[in-house]
Amino acid sequence: MAASNRLTGAEVLLEASAVEAFASTLRGELIRPGDPTYDEHRRVWNGSIDRHPALIARCAGVADVIEAVRFARSHGLLVAVRSGGHSYPGLSVCDGGIVIDLGLMKGVRVDPEAATVRAQAGLVLGDLDRECQAFGLAVPAGFISHTGMAGLTLGGGIGFFMRKYGLTIDNLLSVDLITAEGEFVKASENENADLFWGVRGGGGNFGIVTEFEFRLNPLGPQVVSGAVFWPAEEAPKVLRFYRDWIADSPDELTTDVLQRKAPAAPGVPPDLVGKPVIAVACCYAGSVEEGEKVLRPIKEFSSPVLDLCMPRPYLTHQSMFDASFPHGWWYYFRSCDVAELNDDIIDIMAEFGSQIASPITSVGIWQMGGAVARIGEDETAFNGRTAGHNFNIGGNTDTAAGFDEEREWARSYWSALSPYHTSVYVNFLMDEGEERIRQAYGAKKYDRLKTLKRKYDPDNFFRLNQNIPPA
Ligand SMILES: Cc1cc2nc3c(=O)[nH]c(=O)nc-3n(C[C@H](O)[C@H](O)[C@H](O)COP(=O)(O)OP(=O)(O)OC[C@H]3O[C@@H](n4cnc5c(N)ncnc54)[C@H](O)[C@@H]3O)c2cc1C
């Protein structure tokens, strides 16, 4: 079997007997081109990515991960690590090489008394939420339930509960990790503390995390949440009101401004579907009574065309936006942080919002701050804690048709904001090159991460990620 190594151009010849021997050691399964499920397992969330690995090792446990790392290392294979497969640029699948797929590793154990959870890397956010909610508890994470917990956590983890409970990494207590040498190590504040600093934002650069331990927080079972919509033409006045309204909002409130065409979704009247809208998606992580009081001003501002903001179960909230980001569509993103929504930025938002062509293109602008900003920039590898807002500009189509135009629109929108860029969230990067990764961490932290990379992965064995080359 020939496995071309995309990054170095080398071609590796694998003896069939060696591959067979490797397959026989796995408790999970080894998938090869031509196997009936090969296409299913090489596909990732972003339909614009179409790569063909030589091998996919679907690991059933830590022993399989160790075996896969050692096999890849001894044969000089390019390695992609996959948990949820939601990397925007598809960094969890390679051409040639081996995908180490953790998707089968879905063990999870909540300790309600200690308010902690141990969670294996193959869980998606919905799996984790479901187990934790059985005890009225939650880890703050992202807003689409099929996103992989592992990749999201390793980049930082922003979402609707971050202003109250911090980033996902701010609730991380420890990880189990397999190094580039195939060794098992643990990392926490008390053990390999340098590594623990690095995995809280540094992505998959230092090894394969097989298990995460999180602190849990009380949440739900009901939250007040959902989006309030206005016609896109009203964006300038809605955004100015929104800016003032959130200026002194409590930590319990996190909002995400949405720009898109109204989707054909439950509760959206047929005559609104397809019309450009601006919406404020809200979630209140406190009592329903308080939430209703805090949200009243935005719900009553300037006669919204649609108000879907109401009390609902936390678990319903956490999957409410899933239908807008299914697997297989073509997605392109540009992202940046800004300090504030000044008048110029609001004008840019209004201009580009009115130009949206694709019915599934969508922009989310997260309100940052609260608990995220109360942790020091140097305490974790994540960067941009003092950002005011995070832009995630998605140019999306359901097939290749029209994708180039949407991508161009997303780039132009992002470029128009460039005078105001502060930082960028590493998990919202495409494959944008080293300078952008440096910007994501800031020069000082990037250098510290490079030094850490030299210690844990001096050969850059784990390089199919937002890569930090060893110093
Ligand atoms: C629909 C959608 C919604 C999203 N919403 C949010 C959101 O609300 N908040 C937010 O913060 N982010 C969000 N993101 C971004 C998300 O955090 C990243 O795409 C993240 O990388 C997804 O993790 P994954 O495990 O699914 O990805 P994968 O594609 O499996 O992996 C992503 C990267 O992490 C590495 N990696 C994966 N697992 C491991 C592991 N166990 N050990 C070491 N390295 C590993 C991979 O090698 C790859 O480089 C969203 C993404 C999508 C597609």
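The C-beta contact set for region 77-90 (first residue more than 16 Å from Val65 (Cα to Cα), second residue of a type in the set (Asp, Glu) and more than 6 Å from the ligand (Cβ to nearest atom), distance under 8 angstrom, 6+ apart or interchain) comprises Pro89/Asp431.
On the basis of being touching a Leu at 6+ places or on another chain (Cβ under 9 Å), of a type in the set (Gly, Ala, Ser) and closer than 24 Å to Ile346 by Cβ, does Ala232 make the cut?
Answer is no for this residue.
When Tyr456, Tyr425, Tyr413 are screened for being over 20 Å from Asp256 (Cα atoms), in contact with a strand residue (DSSP E or B) (Cβ under 9 Å, 6 or more places away or on another chain) and surrounded by 22 or more Cβ atoms within 10 Å (Cβ to Cβ), only Tyr456 passes.
The condition (being basic (Lys, Arg), in contact (Cβ under 8 Å) with a residue 12 or more places away in the chain and more than 19 Å from Thr153 (Cα to Cα)) is satisfied by just one residue among Arg463, Arg454: Arg454. Residue under question is Gly76, and the condition is that it be of a type outside the set (A, V, I, L, M) and within 9 Å of the ligand (Cβ to nearest atom); does it hold? It is false that Gly76 is of a type outside the set (A, V, I, L, M) and within 9 Å of the ligand (Cβ to nearest atom). Just one of the listed residues (Arg463, Arg411, Arg436) is among the charged types (D, E, K, R) and away from the ligand (no atom under 16 Å from the Cβ), and it is Arg411.
Kindly indicate the residue of region 8-38 that is touching a Gly at 6+ places or on another chain (Cβ under 9 Å) and surrounded by 15 or more Cβ atoms within 10 Å (Cβ to Cβ) and also modelled with the highest pLDDT among those meeting that condition. Filtering region 8-38 for residues that are touching a Gly at 6+ places or on another chain (Cβ under 9 Å) and surrounded by 15 or more Cβ atoms within 10 Å (Cβ to Cβ), the one modelled with the highest pLDDT comes out as Gly28.
Between Arg260, Arg200, Arg240, Arg215, the distinction of being under 30 Å from Asn383 (Cβ atoms), charged (D, E, K, R) and more than 25 Å from the chain's Cα centre (by Cα) belongs to Arg240 only.
The residue list Phe143, Phe135, Phe160 contains one member that is more than 26 Å from Ile49 (Cβ to Cβ) and within 16 Å of the chain's Cα centre (by Cα), which is Phe160. Taking region 39-66 on its own, how many of its residues are surrounded by fewer than 17 Cβ atoms within 10 Å (Cβ to Cβ), in contact with a Lys or Arg (Cβ under 7 Å, 6 or more places away or on another chain) and closer than 30 Å to Phe403 by Cβ? Qualifying residue count, region 39-66: 1.
The values are calculated or read from the model by the stated rules, or taken from the named source; none is laboratory data. All values reported here derive from a predicted model rather than from experimental measurement. FYI the Cβ positions are ideal-geometry reconstructions off the backbone, even for glycines, and counts take in every protein chain you see.
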